[in-house]
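Trainee: Got a structure for you, questions after.
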Amino acid sequence: MKKLLLLLFSILFLSSPSVFADDISDFEIEGISIGDSLLDYMSEDEILEQIEVTKDHYYYLKEPNKYAEVYLWKDFPTYSFISVFIENNSSNKYLSDKNEKYTILSTRGVILYIEDLDSCIQKRDEIAELLSKMFPNEQKSESSWKHAIDSSGNSILDRVQFKFNSGGIIVTVCTDFEETFRIKNNFTEGLGVIVRPLEIKTWLGDHK
């Protein structure tokens, strides 16, 4: 059964119509891609509610509220949930086009692996192999580091990254929080497949 599920995952992952695209904006996660309007997937009230929930998630950055993260909790075929970044301009009255106001800037699909880093790494490596075939000419790198949000140094990220000429990246990464820290903060952990342009990548790397 496990082999069948892994094969099914590979088929689903490779069946995207944009899976061999050359630019990250063409890469879809559950049909969602950069440049889409978030209003195509949820209501404005739902978006504003999510912005309030996640407003303090990036307190350790120099500009923690420059962008807003919104979670989509739906019955997706492959991922446990999806999150996206948008401009944090939900109260900007000068933007008359709501689709522009809620343009998706970055996407992330997550498969939960709670306290199961080994399984996460195994799935991460499978996806990285698929991405290597999709993007054979992009710069590939592997790294592991301690999560900046946990001062104990016991929470880690382990990733494989593909960097594009635009500076944007596609990443498959396992996040493993120290368990007491994770429970205290009500965090999830597991495998993320991330599509991120340079502007979001730069923002997330600019710590206090």
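All of the numbers you see were taken from the coordinates with simple rules; none came from a lab. Predicted model, so just to flag it, every value in this text is computed and none were measured. As a convention, Cβ positions derive from the backbone with ideal geometry for all residues, glycine included, and neighbour counts pool all protein chains shown.
Trainee: Could you pull out every one of the aspartates and glutamates with an alpha carbon less than 13 Å from that of Lys62, ignoring same-chain neighbours closer than 8 positions?
Mentor: The qualifying aspartates and glutamates are Asp206.
Trainee: While we're here: With no solvent and one equal point scatterer per Cα, compute the Debye intensity ratio I(q)/I(0) for region 161-208 at 0.13, 0.15, 0.19 Å⁻¹ and report its log10, rounded to two decimals.
Mentor: -0.41, -0.53, -0.75
Trainee: Right, here's the next one. Which residues' amide hydrogens lie under 5 Å from the amide hydrogen of Ile32, considering only partners 5 or more residues apart or on another chain, with H built in the peptide plane?
Mentor: Distant-sequence amide H within range of Ile32: zero hits.
Trainee: Which aspartates and glutamates, if any, have their Cα less than 14 Å from the Cα of Lys101, not counting same-chain residues under 8 positions apart?
Mentor: Within the straight-line limit of under 14 Å, Lys101 reaches these aspartates and glutamates: Asp36, Asp40, Glu44, Asp45, Glu69, Glu87.
Trainee: Hey, got a sec? Which GluC sites (Glu not before Pro) in region 63-168 land in a DSSP loop and have at most 13 other Cβ atoms within 10 Å?
Mentor: Sparse-neighbourhood loop GluC sites (Glu not before Pro): Glu115.
Trainee: Here is a further query. What are the lysines whose alpha-carbon lies under 25 Å from the alpha-carbon of Lys123, with same-chain residues fewer than 8 places away excluded?
Mentor: Correct list for Lys123: Lys2, Lys3, Lys74, Lys133, Lys140, Lys146, Lys163, Lys201.
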